[in-house]
Amino acid sequence: MEIRKIKLNNQIIEYQLNIKKIKKCYLKIISGKVIVNSSPFFSINDIEKLIYDHKETILKQINNYFPKYNYIDGGYVYIFNQCYQIILKDVGEYKAVFHDNKIYVYHYEIQEVIETNLKKILYDYISKQIDYYLNNDFVCNMPIIEIKKLKSRWGACFLKQNKVSFNLVLVHLEKCLIDYVIIHELCHFIQPNHSKLFYQEIEKRMPDYKVKEERLKEIGI
Ligand SMILES: [Zn+2]
């Protein structure tokens with residue numbers, strides 16, 4: 001792993017370069033940071049050209065990025081795009097209580113306690129939505145729903161296991177964006193790939209899905 005710098009539109013940005021035993025070279029942006037994974041056969045010039053070709057998206061994501069949480073006493077966390085203040089009252093009880101726009105946490109392991117709650121909140125929302133969509137539209141069986149911390153995806157669909165996974169970070173976002181990810185994953189039960197037909201299925205159910213996809217790209221994971 002190496003941290004390198006590159007100038008994009010008069011702005012110097014850092015990127016993390018990982019040389020791996022892979023065939024290709026690809027970049028991703030996670031939490032406002034640019035990461036490039038590359039095969040050893042790509043030169044720095046190739047790599048920087050790749051970054052340069054995506055400079056508008058990269059700059060947009062880096063400059064728009066702001067953390068969705070700061071798990072400290074007096075910190076905050078966004079839930080469905082609404083900000084909640086964190087107040088620690090450490091009495092050694094592993095629980096959190098939500099009141100108005102505040103979260104009272106009763107254990108010093110703030111992040112763990114809050115994330116346990118967030119998992120449940122997101123699970124409840126997603127299962128309610130999936131239930132609704134299945135009753136009104138889709139013909140698949142109720143899938144197993146999993147909430148996980150995924151490194152670089154909003155969600156994933158496992159056809160054979162009849163399972164859908166969702167990234168825990170979705171809980172911080174507006175519900176309409178979460179709905180897009182839900183519909184996206186459910187449509188994989190109709191079309192497993194990302195073909196034109198697949199996006200047509202999404203469009204039938206969410207005509208303005210492109211706006212949501214764009215918004216998710218800007219937010220980044
Ligand atoms: Zn997909």
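Values in this text are rule-based calculations from the coordinates and carry no lab data. The model shown is predicted, which means the values in this text are computed figures rather than measured ones. Cβ atoms come from the backbone with ideal geometry, glycine included; neighbour counts cover every protein chain shown.
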* By a straight-distance test (C-alpha under 16 Å), which aspartates and glutamates pair with Lys20 as possible cross-link partners, with residues fewer than eight away in the same chain excluded? -> Glu2, Asp46
* Asked: Given the convex hull of the Cα atoms of the chain, what is a quarter of its surface area in nm²?
  -> 14.9
* What residues of segment 56-85 lie in the reach of a label at Glu174, counting those whose backbone N is under 12 Å from a point 7 Å from the Cα along Cα→Cβ? -> 81-82
* **Cβ-based charge dipole, segment 72-199, positive-most Cα from Ile178, Val105, Cys83** => Ile178
* To do: Between beta-carbons, use under 11 Å as the cut-off and find the net charge around Ala156, counting Lys and Arg +1, Asp and Glu -1.
  => +1
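Percent antiparallel among DSSP beta bridges with both residues in the chain, to the nearest 5? All intermediate terms of the calculation are to be shown ahead of the outcome.
Working: 27 of 41 bridges.
Antiparallel: roughly 65 percent of the beta bridges in the chain.
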* **Förster-model FRET efficiency, 22 Å R0, Ala156 and Asp208, C-beta, rounded to 0.05** => 0.40
* Under a Cβ-Cβ cut-off of 11 Å, what is the net charge of the residues other than Val169 that fall near it, where Lys and Arg count +1 and Asp and Glu count -1? -> +4
* Simple Cβ-charge dipole of segment 116-219, Lys/Arg +1 and Asp/Glu -1, about Cα centre, in debye nearest 20 -> 400
* Structure fact -> Given the candidates Val211, Asn193, Ile130, the one whose Cα lies deepest towards the positive end of the charge dipole of segment 116-219, counting +1 at each Lys or Arg C-beta and -1 at each Asp or Glu C-beta, is Asn193
* Using amide H atoms built 1.01 Å from N in the peptide plane, name the residues 5+ places from Arg153, or on other chains, whose amide H lies under 5 Å from its own. => none
* Asked: By the scheme Lys and Arg +1, Asp and Glu -1, what is the net charge of all other residues having a beta-carbon under 9 Å from that of Arg4?
  -> -2
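Which value, in debye to the nearest 20, describes the size of the charge dipole of the chain about its Cα centre when Lys and Arg Cβ atoms bear +1, Asp and Glu Cβ atoms bear -1, and nothing else is charged?
Values: 33 positive and 26 negative charges, 161 e Å.
Computed about the Cα centre, the dipole is about 780 debye.
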* segment 37-84 to segment 198-221: how many Å between their Cα centroids? -> 19
* Structure fact -> Calc'd 3J(HN,Hα), segment 87-102, phi into Karplus 6.51 cos²θ - 1.76 cosθ + 1.60 (θ = phi - 60°), Hz, glycine/Pro = x, comes to 10, 8, 10, 6, 10, x, 9, 7, 8, 9, 10, 9, 8, 6, 9, 10
* the chain, helix-only ellipticity at 222 nm - DSSP H runs n ≥ 4, -39,500 (n - 2.57), divided by all residues, nearest 500 -> -11500 deg cm²/dmol
* Under a 5 Å amide H to amide H cut-off, with H placed in plane at 1.01 Å, what residues pair with Ile79 once short-range neighbours are removed? -> Tyr84
* Pop out the ³J(HN,Hα) list for segment 151-166 in order, Karplus 6.51 cos²θ - 1.76 cosθ + 1.60 with θ = phi - 60°, rounded to Hz; leave Gly and Pro as x. => 6, 9, 9, 7, x, 8, 10, 10, 3, 4, 8, 6, 10, 10, 10, 10
* Structure fact -> For segment 2-64, whose charge dipole is built from +1 on Lys and Arg Cβ atoms and -1 on Asp and Glu Cβ atoms, the candidate among Ile6, Pro40, Asn63 with its Cα farthest towards the positive end is Pro40
* Structure fact -> Scalar couplings 3J(HN,Hα) for segment 120-126 by Karplus 6.51 cos²θ - 1.76 cosθ + 1.60 (θ = phi - 60°), nearest whole Hz, x for Gly and Pro, are 5, 4, 5, 4, 4, 5, 5
